[in-house]
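Student: If you scroll down you'll find the structure; I have some questions about it.
The values are calculated or read from the model by the stated rules, or taken from the named source; none is laboratory data. In this text the structure is predicted, and so the values were computed from the model without any measurement. All Cβ positions, even for glycine, are placed from backbone atoms using ideal geometry, and neighbour counts span all protein chains on display. What goes into the accessible areas is simple: the full protein's heavy atoms, side chains included, and nothing from ligands, DNA or RNA. Shrake-Rupley method; radii C 1.70, N 1.55, O 1.52, S 1.80 Å.
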Amino acid sequence: MSLKGRTAVVGLGETPQGKVYDRSHMGFAVEAVRLALDDAGLTREDLDGLLLNPGLAWGNAAMGSFMLQQALGLRNMKLQATMNLGGATAGAMVQHAALAIAAGMCTTVACVFSDRPLKPPEERKPREGSAASYAFARGLDAAYGQFGVNAMYALVARRHMHTYGTTQDQLGMVAVTQRRWATMNPAAQFHDTPLTLADYHASRWVVEPFHVLDCCLVSNGGVAVIVTSADRARSLRKPPVYLWGMGQGHPGGEPAETLVSGAPLASATAFRMAGLGAGDVQLCELYDCYTFTVLVTLEDYGFCPKGAGGAFVADGHTAPGGSLPVNTGGGQLSSSYMWGMTPIAEAITQARGEAGERQVPRRDVVLVSGNGGLLSTHTTLIMSPLPS
């Protein structure tokens, strides 16, 4: 059974994102779903599926999707789940929705992410910050001073630099290039703040080789997308964005030794389903928790040889006017951090031709990646404004 083009994204809802303190994580989620339904020209009664990726502010909400169902006043759901694969969850939600629709289990599914890790200044406690929420320690690693996600990714990045000669300037060019895209995105948190390579080098260290500008933003907000069948999609308000291919990759092992993400596994499935290869991709929206993640993902998808990701970006291929535009809204480094929903939302916007000043001319084949853990989980989506 071919799944290519059988389902489509028909609604996108994005709340204000960044230092937004006037609503709760549940409030962001409810608002995102309502905006997505309105975008698609649908109502709550049209939904019979609900998938939730809960951010940190949800705590241990194992029944978060049911809580959101109640808050939205939804009835008679045929598909529901609370899912968490880290930054790969958004892609996985879209995949699960598409599979359930294709199998006849349901017809219209909302996939939702929301979070509120940032607190207003008056509520913060001494030595308290959102970074503490993302940090975690692992046994002897922590005993020797390595704790938190930043340090773990930094170790893998340093190994990449040692093995392949990747330079600090090349990491910096990822940040500089994505900031160029962000300055063309009115919704980006750094829309009004250009960035030079000198600015990058002058920014404070977090853990070498990462400056603060190598690390993704922390943002409050919510995003929802609506998935339905291709047949139904054609009669709705906005142009459908069809799902041509999808895949997951969970390699296991130690990334500091392999220097490989789950992209090779996930992309093999997605490209086979779509009947395409890396050379057919016109636009990439990649999960960019760190500048280094962009480099290793470009390599693992086959857009450049292994170890050449830094040179690929430094040569301008991913920049405005380049051969392979990447993270055209600014990504999680310069726009906002909605986990894996950030690249999906920008992919939909570009595929529809709604990106304004930053709109790319070639958008028939859009690749979207999600990444969770320490290069531990990965999702790939191949999306297109064309039915097949």
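Student: For the stretch 1-30 and the stretch 111-125, what is the centre-to-centre distance using only Cα atoms, to the nearest Å?
Tutor: If you average the Cα positions of each part, the centres end up 17 Å apart.
Student: Using the Cα centre of the chain as origin and beta-carbon charges of +1 (Lys, Arg) and -1 (Asp, Glu), tell me which of Asn185, Gly86, Leu74 is placed farthest towards the positive end of the dipole.
Tutor: Projecting each Cα onto the dipole axis, the largest value belongs to Leu74.
Student: Same structure, new question: Note down the relative contact order for the stretch 319-371 as a percent, whole number, built from C-alpha pairs under 8 angstrom at least six residues apart. Can you show the working numbers first?
Tutor: On the way: 37 pairs, mean separation 16.8, N = 53.
It comes to 32 percent, rounded to a whole number.
Student: Let me have the 222 nm mean residue ellipticity of the chain computed from DSSP H runs of 4+ only, each contributing -39500 (n - 2.57), with the sum over all residues rounded to the nearest 500. Working shown, then result.
Tutor: Numbers: 15 runs with 138 residues, N = 388.
Only helices count here, giving -10000 deg cm²/dmol.
Student: Please provide three numbers in whole Å: the alpha-carbon extents of the chain along the principal axes, with the largest listed first.
Tutor: For the chain, the Cα spread along each principal axis is 53, 49, 41 Å.
Student: One quarter of the convex hull surface, Cα atoms only: what value does that give for the stretch 238-335 in nm²? Provide the component values of the computation, followed by the final result.
Tutor: On the way: hull surface 28.8 nm².
Answer in nm², one decimal: 7.2.
Student: Quick test of the membrane-span-like rule: which DSSP H helices of the chain reach at least 18 Å along their long axis (C-alpha atoms) with mean Kyte hydropathy at least 1.0? Each step should come with its number before you reach the end.
Tutor: Working: long enough: 25-40 (23 Å, 0.58); 89-102 (19 Å, 1.24); 149-164 (22 Å, -0.05); 168-182 (21 Å, -0.49).
Counting only whole DSSP H runs, the qualifying helices are 89-102.
Student: Could you bin all the Cα-Cα distances of the stretch 323-388 into 5 Å bins starting at 0 and give me the percent of pairs in each, rounded to whole numbers?
Tutor: Binned Cα distances yield the sequence 4, 17, 28, 25, 17, 7, 3.
Student: What relative contact order, as a whole-number percentage, does the chain give when Cα pairs under 8 Å and 6 or more residues apart are counted? Display every interim value, and only then the final one.
Tutor: Details: 921 pairs, mean separation 98.6, N = 388.
That works out to 25 percent.
Student: Now a separate question. Once you have the Cα-Cα distance between Ala202 and Met77, take 0.36 nm times their residue separation minus that, and quote the gain in nm to one decimal. All intermediate terms of the calculation are to be shown ahead of the outcome.
Tutor: Working: separation 125, 0.36 × 125 = 45.00 nm, distance 5.20 nm.
In short, 39.8 nm is gained.
Student: With every protein chain left in place, what is the accessible area per residue of the stretch 172-328 in square angstrom, probe 1.4 Å?
Tutor: Values: 5510 Å² over 157 residues.
With all protein chains present, the stretch 172-328 gives 35 Å² per residue.
Student: Can you tell me the dipole magnitude for the stretch 1-150 around its Cα centre, using point charges on the Cβ only (Lys, Arg +1; Asp, Glu -1), in Debye to the nearest 20?
Tutor: On the way: 14 positive and 13 negative charges, 56 e Å.
Roughly 280 debye, rounded to the nearest 20.
Student: Taking the DSSP beta bridges in the chain as the whole, what percent of them are antiparallel, to the nearest 5?
Tutor: That works out to approximately 70 percent antiparallel.
Student: Give the long-range amide H neighbours of Thr108: residues separated by 5 or more places, or on another chain, with amide H under 5 Å away, using H modelled in the peptide plane at 1.01 Å from N.
Tutor: Correct list: Asp48, Gly49.
Student: Between the stretch 220-251 and the stretch 299-365, what is the C-alpha centre distance in whole Å?
Tutor: Taking the Cα centre of the stretch 299-365 as reference, the centre of the stretch 220-251 is 18 Å away.
Student: Defining a contact as two alpha carbons under 8 Å apart and six or more residues distant in sequence, what relative contact order in percent does the stretch 1-118 show?
Tutor: Details: 178 pairs, mean separation 41.1, N = 118.
For the stretch 1-118, the relative contact order is 35 percent.
Student: Out of the GluC sites (Glu not before Pro) in the stretch 73-128, which ones are loop residues according to DSSP with at most 11 other C-beta atoms within 10 Å? The partial results should precede the final answer.
Tutor: Details: sites: Glu122, Glu123, Glu128; in loops: Glu128.
Listed in order of number, the matching sites are Glu128.
Student: Additional query: Determine, for each peptide in 228-234, 336-342, the mean count of other beta carbons within 10 angstrom over its residues, then list the peptides with the highest first.
Tutor: Working: 228-234: 18.1, 336-342: 30.3.
Output ranking for 228-234, 336-342: 336-342, 228-234.
Student: Once the other residues with Cβ under 14 Å from the Cβ of Trp244 are scored (Lys, Arg +1; Asp, Glu -1), what is the net sum?
Tutor: Details: positive: Lys4, Arg6, Arg272, Arg363; negative: Asp280, Asp364.
Summing Lys and Arg as +1 and Asp and Glu as -1 gives +2.
Student: Heavy atoms only, probe 1.4 Å: what % of the accessible area of the chain goes to carbon and sulfur, would you let me know?
Tutor: Details: 8050 of 15030 Å².
The C+S portion of the solvent-accessible surface of the chain is 54 percent.
Student: I need the per residue convex hull volume for the stretch 146-211, using only the alpha carbons, in cubic angstrom as a whole number.
Tutor: Numbers: hull volume 6.1 nm³, N = 66.
Spelled out: Cα convex hull of the stretch 146-211, divided by residues, is 92 Å³.
Student: How big is the shadow of the Cα convex hull of the stretch 214-276, averaged over all directions, in nm²?
Tutor: Details: hull surface 30.0 nm².
Its average projected convex-hull area is 7.5 nm².
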